[in-house]
Amino acid sequence: MKRPDLDRAAIAPELRRLERRLMLKGMVSLGGLAMLSGCVLDDEPAVERALARVMNFTDRAQALLFSRHRLAREFDASRITRPFPFNAYYGQDEVRTVDPAQWRLEVSGLVTDTRPWSLARFRALPQKRQITRHICVEGWSAIGCWSGVPLSVFLQHVGADLRAKYVDFHCFDDYSTSIDMATALHPQTIMVLDFDDAALPAAYGAPMKVRIPTKLGYKNPKYLAAITVTNRFPGGYWEDQGYDWFGGS
Ligand SMILES: Nc1nc2c(c(=O)[nH]1)N[C@H]1C(S)=C(S)[C@@H](COP(=O)(O)O)O[C@H]1N2
Ligand SMILES: [Mo]
């Protein structure tokens with residue numbers, strides 16, 4: 001393969017910043033990206049386009065490798081990390097709370113029933129419990145115990161079009177993320193009400209978070225407020241800033 005040009009002398013300072021960003025994310029150098037994408041990278045938009053092409057390719061590869069029947073590893077209770085770490089795009093002193101009795105989950109998009117859901121309605125459904133490892137791209141992981149309603153059960157209740165491509169999550173701390181339908185239907189993807197066998201604490205996403213042990217930490221939304229089933233690519237808070245969209249763990 002002919003190595004595409006990368007004229008380092010012509011690289012503007014913005015590109016150097018971008019290259020640092022790529023390296024920090026443990027991805028590739030600009031030269032590596034030029035090789036992978038077969039593009040000439042002479043300005044920032046060209047680099048962004050090339051990066052998008054490579055990430056798009058790895059997302060498709062990850063989606064092909066993903067199996068609804070391959071389970072994330074589960075652990076013995078003795079392995080639970082205590083205290084469990086807190087993380088968000090802000091500090092723990094800024095955690096937002098809502099009255100659990102007033103909270104409702106908004107439902108929209110490709111569903112037949114858009115009535116909002118109360119916590120009581122989720123409590124009335126059968127719950128699943130898991131002890132799994134949460135992996136954050138910032139370089140830490142922790143094992144926790146979560147229980148709740150499988151997302152697949154909820155999607156069936158609201159008459160979701162299960163052939164739709166995406167499930168989009170919005171949170172009341174202005175966070176968002178989205179997943180592919182195969183992951184939404186995965187048996188370990190659950191709408192969490194309890195952490196460590198007690199009501200989910202504020203720090204970890206009260207009153208409801210979605211636990212997806214087959215995905216990296218940033219794809220596990222806390223403080224859930226709204227769910228949309230859609231065919232339009234939804235992105236997310238970190239994904240829109242360059243984190244990998246598929247984000248498999
Ligand atoms: N609503 C909301 N969900 C979020 C985040 C956030 O800032 N807001 N951060 C994500 C990231 S990067 C991580 S690592 C986990 C942290 O979850 P924890 O506090 O239970 O460890 O939440 C994810 N979900
Ligand atoms: Mo994270």
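The values are calculated or read from the model by the stated rules, or taken from the named source; none is laboratory data. From a predicted model like this one, the values you see are computed outputs, not experimental measurements. Neighbour counts run over all protein chains shown; Cβ positions are idealised from the backbone, glycine included.
Against the test of being over 13 Å from the mean Cα position of the chain (by Cα) and either away from ligand 1 (no atom under 11 Å from the Cβ) or basic (Lys, Arg) (or both), the options 206, 202, 198, 225 yield a single qualifying residue, 198. Residues of the stretch 171-184 being of a type outside the set (Asp, Glu), buried (at least 18 other Cβ atoms within 10 Å of the Cβ) and either in contact (Cβ under 8 Å) with a residue 60 or more places away in the chain or within 9 Å of ligand 1 (Cβ to nearest atom) (or both), which ones? 171, 175, 176, 177, 178, 183, listed by residue number.
Taking the criterion of being assigned to a loop (DSSP other than H, G, I, E, B) and either in contact with a Gly (Cβ under 6 Å, 6 or more places away or on another chain) or over 20 Å from residue 104 (Cα atoms) (or both), the residues of the stretch 168-188 that qualify are 185, 186, 187, 188.
Would you mind finding the one in 213, 187 that is in the same structural domain as residue 118 (by TED's automatic domain parsing), more than 12 Å from ligand 1 (Cβ to nearest atom), within 22 Å of residue 70 (Cα to Cα) and over 14 Å from the mean Cα position of the chain (by Cα)? Of the residues listed, the single one that is in the same structural domain as residue 118 (by TED's automatic domain parsing), more than 12 Å from ligand 1 (Cβ to nearest atom), within 22 Å of residue 70 (Cα to Cα) and over 14 Å from the mean Cα position of the chain (by Cα) is 187.
Quick grid of which residues meet (1) under 24 Å from residue 48 (Cα atoms); (2) in contact (Cβ under 8 Å) with a residue 60 or more places away in the chain; (3) in contact with an Asp or Glu (Cβ under 9 Å, 6 or more places away or on another chain):
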position	(1), (2), (3)
191	no, yes, no
210	no, no, no
213	no, yes, yes
222	no, yes, yes
225	no, yes, yes
228	no, yes, yes
232	yes, yes, yes
235	yes, no, yes
239	yes, yes, no
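Restrict the check to the stretch 151-169 and report whether at least one residue is within 14 Å of ligand 1 (Cβ to nearest atom), within 28 Å of residue 95 (Cα to Cα) and in contact with a strand residue (DSSP E or B) (Cβ under 8 Å, 6 or more places away or on another chain). Yes, that holds for at least one residue.
What residue, of 103, 117, 146, is more than 21 Å from the chain's Cα centre (by Cα) and within 16 Å of ligand 1 (Cβ to nearest atom)?
Working: 117 fails: within 16 Å of ligand 1 (Cβ to nearest atom); 146 fails: more than 21 Å from the chain's Cα centre (by Cα).
Criteria check complete, one pass: 103.
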